[in-house]
Amino acid sequence: MSKTKWMPLIEITKILTENDVDAVDSISLLVEQPEKFTSQYAEWIENMEYSPEDEADVITAYWLTGYDTPHDFGAYIDWKEWPEEIIAQLEPSILKKGYAINLKDVPIIADEATDVFLERLKNFLEQHNYTLAFWDVGGDCYHLYIIPKAAFPRLEILGKEIYVSFFNTYE
């Protein structure tokens, strides 16, 4: 995929990070100068084994969830993650974005299935005008982001431009 084809990743990053300058700059570098991104973050790219030219979308999803990066704007979870761990991974993103919600207000039920908890979390967030956006990169893991509910339709449109699936219900 050409560099210009990945341009929606910059707007996606702005939505997912509330325009965080460092995150937007790093994804802009990935999109506009993938060779320089590879050079600057050589060890991370080598460990991840993804191609910045061909898989900038997957790299962005991991990068923004803080998967061995300083950009905790979401959560990277396994399909069978404990609710406590999901909350722990999402809390830094709420603080970074300045959202006025407290995830500790979402009750945790012992031995609750991940899908049941995620649906309840999404419902809680929507009561506060936020939603839980899932970035589907394939496999049995999820990249989760809390964003304003009103921003989700734009996120979906941008994703479709580069064949990336965002959804806001657990599937």
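Tabulated values for the structure
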{"quantity": "Matching residues, the range 21-48, being of a type in the set (D, E, K, R), touching a residue at least 24 places away in the same chain (Cβ under 8 Å) and under 14 Å from residue 70 (Cα atoms)", "calculated": "22"}
{"quantity": "Residue match in the range 102-119 (condition: open to solvent by 30 Å² or more (accessible area, probe 1.4 Å), out of contact with any helix residue (DSSP H, G or I) (no Cβ under 9 Å at 6 or more places or on another chain) and more than 22 Å from residue 140 (Cβ to Cβ))", "calculated": "yes"}
{"quantity": "Some residue of the range 58-73 being among the aliphatic types (A, V, I, L, M), without any contact (Cβ under 8 Å) to a residue 12 or more places away in the chain and open to solvent by 10 Å² or more (accessible area, probe 1.4 Å)", "calculated": "no"}
{"quantity": "Members of the range 74-92 that are open to solvent by less than 20 Å² (accessible area, probe 1.4 Å) and farther than 17 Å from residue 10 by Cα", "calculated": "75, 77, 83, 86, 87, 90"}
{"quantity": "Residues being open to solvent by less than 70 Å² (accessible area, probe 1.4 Å) and under 15 Å from residue 17 (Cα atoms) - total across the range 120-157", "calculated": "15"}
{"quantity": "Residue in the range 119-126 that is more than 15 Å from the chain's Cα centre (by Cα), in a loop (DSSP other than H, G, I, E, B), free of Cβ contacts under 8 Å to residues at least 40 places away in the same chain and over 27 Å from residue 8 (Cβ atoms) present", "calculated": "no"}
{"quantity": "Hits in the range 1-41 - residues which are at pLDDT below 95 and of a type in the set (A, V, I, L, M, F, W, C)", "calculated": "1"}
{"quantity": "Check on residue 89, polar (S, T, N, Q) and either touching a strand residue (DSSP E or B) at 6+ places or on another chain (Cβ under 7 Å) or touching a residue at least 12 places away in the same chain (Cβ under 8 Å) (or both)", "calculated": "yes"}
{"quantity": "So residue 72, is it at pLDDT below 95, over 29 Å from residue 150 (Cα atoms) and not in a helix (DSSP H, G or I)", "calculated": "no"}
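The values are calculated or read from the model by the stated rules, or taken from the named source; none is laboratory data. Everything numeric here is computed off the predicted structure, so don't read it as measured data. Note that each Cβ is placed from the backbone with ideal geometry, even for glycine, and that neighbours are counted across all protein chains shown. We work out accessible area using only protein heavy atoms, side chains counted, and drop any ligands, DNA or RNA first. Shrake-Rupley method; radii C 1.70, N 1.55, O 1.52, S 1.80 Å.
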